[in-house]
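Below you'll find the structure, written out as structure tokens, and then a few comments.
The values are calculated or read from the model by the stated rules, or taken from the named source; none is laboratory data. Since the model is a prediction, treat every value here as computed from it, not as a measurement. Cβ placement follows ideal geometry from the backbone for every residue including glycine, while neighbour counts extend to all protein chains displayed.
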Amino acid sequence: MNASERPIKVLLVDDQEIVYKTLEALLESERDIEVLFCSDPLQALDLASEFKPTVILQDLIMPQIDGLTLVRYYRANDATKDVPLVVLSSKEESAVKAEAFALGANDYLVKLPEREELIARIRYHSKGYIHQLERNEAYQKLEQSENALRGELVEAADYVRTLLPKPLVGDVSTYWKFIPSQALGGDAFGYHWIDNDTFSLYLLDVCGHGVGAALLSISIANVIGSGAVPGEILRSPKQMLAYLNETFPMERHNGMFFTLWYGIYHKKERRLTYASGGHPPALLISEGRLEPLSTKGVLIGGLEGQSFSEESQGIPPASRLLIYSDGAFELERPDGTRMTLEEFFPLVSAAAKSGDSFLDVLEKSLVKERGKDLFDDDFSLLEVVFD
């Protein structure tokens, strides 16, 4: 309901009925103005709560209770604390006027003014109050909408989490951290044995936030792990990136593209073949050294017909590989500065040398850098340990 649809409702509190009759006559032609008369000031608060006026005309001199005291009551009552209040007096008194304003009155009138002035003041105060009510209602609806959306994002994040693979223990062991942002991003990762010798692993990050990005990341992960991808492509990181680039063009997915790091580990050869498209380098941690693993590749889904390259790396025993999304290091610190990838590497090295749970230590270090445990983007870490 907008301001033109809401009725103007005047509550007159005055012990003299003649004042009401005069006011009623002055407003007779104003069809959109409704007047309720209260001659007993002790009933004024209850009537105001029930009637819900858009302006109160309050006499200052009445039996049983002082008009200024009633002003205090209005402002202390939740139902009337914001309703415009016009105090009525039989004469102009500066000290009384000042006290009335100090107690919360909005206006002061010597009763009763000329018809045009009275109507103008009633409409002016009522219009302002009605707009305030509409603004509050709009804020309330917005808050309800945001709460509903927040609930949907929490549900979506929980759903994404149920689709992530369980940790593995064996010749290749896996551990991970997935902490979605408040807005939910598009992180997803996975791994599985293609056969007894071939292990597939990946982490992807869809641009943007919200349910749309999360759903696209799920779709991509489903394609990679569904078994529908031809075996030759599944075993070749560069072919997999090219395949996904053609399968998920941004033109068909609301302009969304994604980054991806994809690897194939050959257990017998202890060799990892990998390719990346716009994704941060994976980090191989072996014998106390940190080695970034990445290839030159564009974002996936941005341009059709792109080709990708792949590299291979020998994997020494007891090596550890960390794959992560950019939300893990693109952190804004309390002082407003942002962490860089180069600043991320020493934290990884320190966590690897700590002797405690690698991912737990790394997460604590990143939370310390951030200054709080809420992140602007999804926080994803995938640790792969090779025996």
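Structure summary
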| quantity | calculated |
| --- | --- |
| Those residues of the range 192-223 which are under 21 Å from His266 (Cα atoms) and surrounded by fewer than 22 Cβ atoms within 10 Å (Cβ to Cβ), in sequence order | His192, Trp193, Ile194, Asp195, Asn196, Asp197, Thr198, Ser200 |
| Enumeration of residues in the range 102-128 that are on the phi < 0 side of the Ramachandran plot and touching a strand residue (DSSP E or B) at 6+ places or on another chain (Cβ under 7 Å) | Ala105, Asn106, Asp107, Tyr108, Leu109, Val110, Lys111, Arg121, Ile122, Arg123, His125, Ser126 |
| Lone qualifier among Gly288, Gly301, Gly277 - being more than 17 Å from Leu201 (Cα to Cα), buried (at least 18 other Cβ atoms within 10 Å of the Cβ) and of a type outside the set (Phe, Trp, Tyr) | Gly301 |
| Any hit, the range 330-344, residues being aromatic (Phe, Trp, Tyr), at pLDDT 95 or above, surrounded by 15 or more Cβ atoms within 10 Å (Cβ to Cβ) and over 24 Å from Ala157 (Cα atoms) | yes |
| Number of positions in the range 345-382 that are more than 25 Å from Pro334 (Cα to Cα) and surrounded by 22 or more Cβ atoms within 10 Å (Cβ to Cβ) | 1 |
| Residue match in the range 335-349 (condition: polar (S, T, N, Q), in contact (Cβ under 8 Å) with a residue 12 or more places away in the chain and under 17 Å from Ser294 (Cβ atoms)) | no |
| Helices (runs of 4 or more DSSP H) wholly inside the range 56-172 that include at least 3 residues being free of Cβ contacts under 8 Å to residues at least 12 places away in the same chain and of a type in the set (Asp, Glu) | 115-163 |
| Residue list for the range 306-325, restricted to those being closer than 18 Å to Gln239 by Cα and not in a strand (DSSP E or B) | Gln306, Ser307, Phe308, Ser309, Glu310 |
| Close pairs from the range 279-292: first under 16 Å from Gly314 (Cβ atoms) and assigned by TED's automatic domain parsing to the domain that holds Thr259, partner part of a strand (DSSP E or B) and aromatic (Phe, Trp, Tyr), Cβ under 6 Å, at least 6 apart | Ala282/Trp261 |
| Residues within the range 206-246 that are in a helix (DSSP H, G or I) and over 36 Å from the mean Cα position of the chain (by Cα), tallied | 6 |
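For (1) in contact with a helix residue (DSSP H, G or I) (Cβ under 6 Å, 6 or more places away or on another chain); (2) in the same structural domain as His125 (by TED's automatic domain parsing); (3) farther than 23 Å from Asn136 by Cα, each residue gets a yes or a no:
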residue	(1), (2), (3)
Leu36	yes, yes, yes
Asp40	no, yes, yes
Val55	yes, yes, no
Thr80	yes, yes, no
Tyr108	yes, yes, yes
